[in-house]
Structure formats: C-alpha cells, structure tokens
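Here is the structure we will look at, set down as structure tokens.
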C-alpha cells in the first residue's frame, strides 16, 4: 500500500512537470525538424563551382556534363595562362588531362586555390571512367547495350531460415536491431539517471529522513523505480502515437497529390529499372516479420533492463552527499556494461549466432541490448527463455544488493563512502 502511494507520487509529480510536457511533445518535432534542417543544409550548403578542363588526351572533350553544383568548361588556352586565371579567382578549379593510353592507369591533376571537397573529384571520376570504359568496349567490339545486358544482375538471393523456411532479409533485420539497441541504450541511461537524481535530491534536501519515518527504505526505493518506469512507458507511448499520426498524415497527404496517371508512370518507371521487384521483396519481408513478437520482447527487455539498472542507480544516489561529484566513481562502474553492450551490438549484428552473441544475450547486464539485436535475426526459443529467466533473476539479485546499500546510504550524511564500506553493507547479514 505504501509502495503504491510512492509510485503514484513519483509518477504524478513527473508527468505534471512543465519540463515533461515540453520534452514529450517537442522532442518528436525537434527530431523531425532537425532531420529536415540537416537535409536542407546538406542540399543548400553546396555552392556552385566552375571547373575548367584542359584535355590533351581528347577523350573527354565536350563529353563531361555539368551538374547542378558544378559547371564543367573545356578550354584550349595554355595551361600556364589558365593557372594565372585560377590564382586570380576567375574560376574554382583547373583539371589537366595529359595524353595517355586508355589501357593504362593515369593520374589526372586538379588545381585549386583551396580544398574543393570530394564532390568535384567524385563527379569527374565517375564521368571520366565511364567514358573510358565505353571506349574500351568499343575497341573490343562490344556496344553499350551488350555491356549493360552482360552486366545486369542475374541472380537474386532469398534467405530462408529454419525448418519452416521463413523469408528473411539481413539488411532489414540489421536496421531493426540497430534501432532497438539504440533505444534501449538511450532509455536505460536516461531513466536510470533520473532515478539516481531523484534519490540524490531527496537525500541532500533531507526529505528522505521524513519519508523514511513512515516507510521502509526498500519500499521507497522500489516506489521510485516503478514510478519512473511508468513515466518512461507513458512518454514512449505518446511518442509512438505522435509519430504514427504524423507519418500516416504525411503519407495520406502525399498520396492525395499523386493522381492515377502519375501512379502508373511511377510504377512503370520502377518496373523498368528493376525497383519494382526490390520493393516487392522488401514489402514481402516486412510483412513476414512478427512485429508483435518484437514489440513484446522490446517492452520486456526495456522494463527488465531498466529495473536492473535503476536499482543500481538508486543505490548510487543514496551514497552521495552534498558533493555530487562523488557519484561519478560509482556511476562509471554501472554505465560500463551498458556502453559495452552497445559496442557489442555491432559485432552481434554481423554474426548473431556467435558464442559472444549468445553469451551477451543471456548475461543479465548485457542481455537487454544484445538480445534485442539478435531477435530480428531469429533466436532459438530456449535461448530466449534462458535470457528472460536470467534477466529476472539478475533484477532480483541487483535489487536485493541495491536495497542493502540504499538502506544504509540514504541516512548517511557528512561522510565520503568508500568501495570497501559498500562491500561490507552488501555482504552484511540481515
């Protein structure tokens, strides 16, 4: 009963704060706005450049096409004269192509007054190498159509997993794994730190002394952990609904702007370029993914990982006195497994069934992130159940350990706590 009162207090106190409302509503908009701004600046930040080309090889004269940001101009003027014009700032870059044998490698010099960035070099490399390839094909008696027909992909691969031969796509599974792992990494740190700050605030303000007179320290700790967890779930649910409404509305708006004729033209263009088959494969793969299973396991590992680490963060908060810098030596130990899990996730995505991946997905301190990185690839049932059981046992163990630390630390003032003292509290009976 008392724990329920604390949970209600922690939950309502946080969700009624102006900072919670602002963060919950504005964060999705800020994320979308930041993505749009980044895209806009990427497109607009490229200034138009003029590039003069001197082609003594005569392989590229008037065959290099200008782009939106780069104007290519061929010149017959002497190279030294053009270099002087370049120094005077009349154009941005000068390209000199010497005479050479197209069957041999050749270095092309690009002169400029300052660094141009990679766009100019990439554009020149693509267009010039394409032109040389076409000339080599012609000299070998092969026309462009024959080359394209020979280069066209013939084999497509479809990954079928298990006895049921379910269709799978490693790229899509990797994307789901990365997003799930990152979200768990973010949430466990964010809400775990929130619990620690709450405990630190009540201890330094001596509010804990008053609360402890009415409830047991363990009840207070559990109330805070569960209350913040409910706040986190509320925030995540609002974000999911909010983003879902935005994407559905945007999709409807875009669909309304495309008439039947345009849709037919898009479909024909996609079919001609081979994109239709790709989109169909992606659609089939996404449709074959058990999204309810992934969502269910995500919630389980979110709650399990949060409860496990929140108990430890609460214990750290109870050890801190007026000097909050003392918390750093303890929080470093707690956050290292979370950071290691995030790093391990990248290796797990490459080989989701390696020994390290299996161990990381079962060990309680790393399993929330590592197992969620493996689930989209398919995990044996026994490993899922073992991981879930170990996470529950890990939560119970860390909560019992954190409770012993919290019980003593929450009422200790004016003394800097050492690791040795913390160890005595943990192994003390009773």
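Shown for 23, 67, 399: other C-beta atoms within 10 Å of each C-beta, ranked fewest to most, produce the order 23, 67, 399. Between residue 5 and residue 23, residue separation times 0.36 nm minus the direct Cα-Cα distance comes to 3.9 nm. Residue 48 to residue 204: FRET efficiency via 1/(1 + (r/R0)^6), r the Cβ-Cβ distance, R0 56 Å, to the nearest 0.05? Taking R0 as 56 Å, the efficiency between residue 48 and residue 204 is 0.45. Modelled label positions at residue 183 and residue 63, each set 7 Å beyond Cα in the direction of Cβ, lie 5.2 nm from each other. Were the residues from residue 136 through residue 339 laid out at 0.36 nm apart, the gain over their Cα-Cα distance would be 67.9 nm. Relative to the current alpha-carbon distance between residue 115 and residue 242, full extension at 0.36 nm per residue lengthens the span by 41.4 nm. This ranking places 291, 239, 297 by how few other beta-carbon atoms lie within 10 Å of each, fewest first, which gives 291, 239, 297.
Put in line by how crowded their Cβ is, counting other Cβ atoms within 10 Å and starting with the fewest, 174, 214, 180 read 214, 174, 180.
None of the figures in this text is laboratory data; all of them are computed from the coordinates on show. All figures in this text were calculated on a predicted structure; none of them were measured in a lab. Neighbour counts are summed over all protein chains in view; Cβ atoms, including those assigned to glycine, are modelled from backbone coordinates with ideal geometry.
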